[in-house]
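Derivation of every value follows stated rules applied to the coordinates shown; laboratory data play no part. The structure presented is a predicted model; accordingly, all values stated were derived computationally and were not measured. As a convention, Cβ positions derive from the backbone with ideal geometry for all residues, glycine included, and neighbour counts pool all protein chains shown.
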């Protein structure tokens, strides 16, 4: 409403603030809700679909914006926003929430609806919810602070949330769309260029949904961060050495002012590199959200994910500020910074993030509390044990 009826810049600022806050909260709540109602074996597919459809919706809106007027576009978005709560209200409440409120009969009915009347699955999930709901809601913060496992879980969620933005998720997504859009110097082909990026994200999302349960989460996340780091580093090299004309703020100004063959070649290289980054980012972003939801206990998942989402927004604001600052220094500084963050994130995943695919929450929690993934390999521990035993023990 603020966007459609805006009469001053303050209206746009207030509308943008409200949209950003509610979109971030909606993504967190949606991911938590899907995690609570889905079967463990299919949870990865559903969470990948959440991230995939969100990206497709953003790009579809970008394409519609080329054909609709400003007010018509915002009113159409308003209609979708009003339709969502009515559709969502028809769905049964989350069984986890109902158990925490001691509404056990409703929780069982909700589970039967979501699990397709599978008695074995309903009984198994109901027992897990009853065990997880023993701690009172009012003691959640105290439990998180006092438990080593909860603190490690929170640290992992915060790490995944922060690195998702430090690695350039929001900044590069927007910038990639602009670069691909400006590769062809004809304004009438703007929607076609936006469609290129939409197809890239579409196929990357299909890949993520298909392989998320066939490949380890840790492997996909590590490879995604590695490819993103290489893409950003290559982009930095291209911007520093391949472009011969002076750049004041961005490649866009360079593309508009230059029409040489070298310019077209450089823009094509940048577009290819950013497309590779977009594919890797689409896959890694989905896997990161899946891992965050799978390692959190059901009775504290909402609070832990909310903390991670809040810090993600704070990190996004920081990234936008540092992006503007570094762009004024040199156009490639920002991408060097983000490539370093990708490398740090990749090493962090290898060292500290547990593998969650195909594991129950109890198994994941046991690994988190014991630190199994952070210990040395079994061969090293055996070697150490052999040399530390006394002759009598041997």
- Give me the number: length gained by fully extending residue 307 to residue 355, i.e. 0.36 nm times residue separation minus the C-alpha to C-alpha distance, one decimal in nm. 15.1 nm
- Peptides ranked, highest mean first, by Cβ atoms within 10 Å: ranges 92-100, 203-211: 92-100, 203-211
- Query: Can you give the FRET efficiency for residue 196 and residue 155, using 1/(1 + (r/R0)^6), R0 = 41 Å, r = Cβ-Cβ distance, to the nearest 0.05?
  - Reply: 0.60
- Extension gain from residue 53 to residue 328, taking 0.36 nm per residue of separation minus the Cα-Cα distance: 95.5 nm
- Task: Describe numerically, in nm with one decimal, the distance between label points set 7 Å from Cα along Cα→Cβ at residue 83 and at residue 103.
- Result: 2.8
- Task: Once you have the Cα-Cα distance between residue 203 and residue 45, take 0.36 nm times their residue separation minus that, and quote the gain in nm to one decimal.
- Result: 55.4 nm
- Query: So for the pair residue 72, residue 241, with labels modelled 7 Å out along Cα→Cβ, what separation do we get in nm?
  - Reply: 4.9
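Using the number of other C-beta atoms within 10 angstrom as an exposure proxy, rank 60, 33 with the fewest first.
Fewest to most other Cβ atoms nearby, the residues stand as 60, 33.
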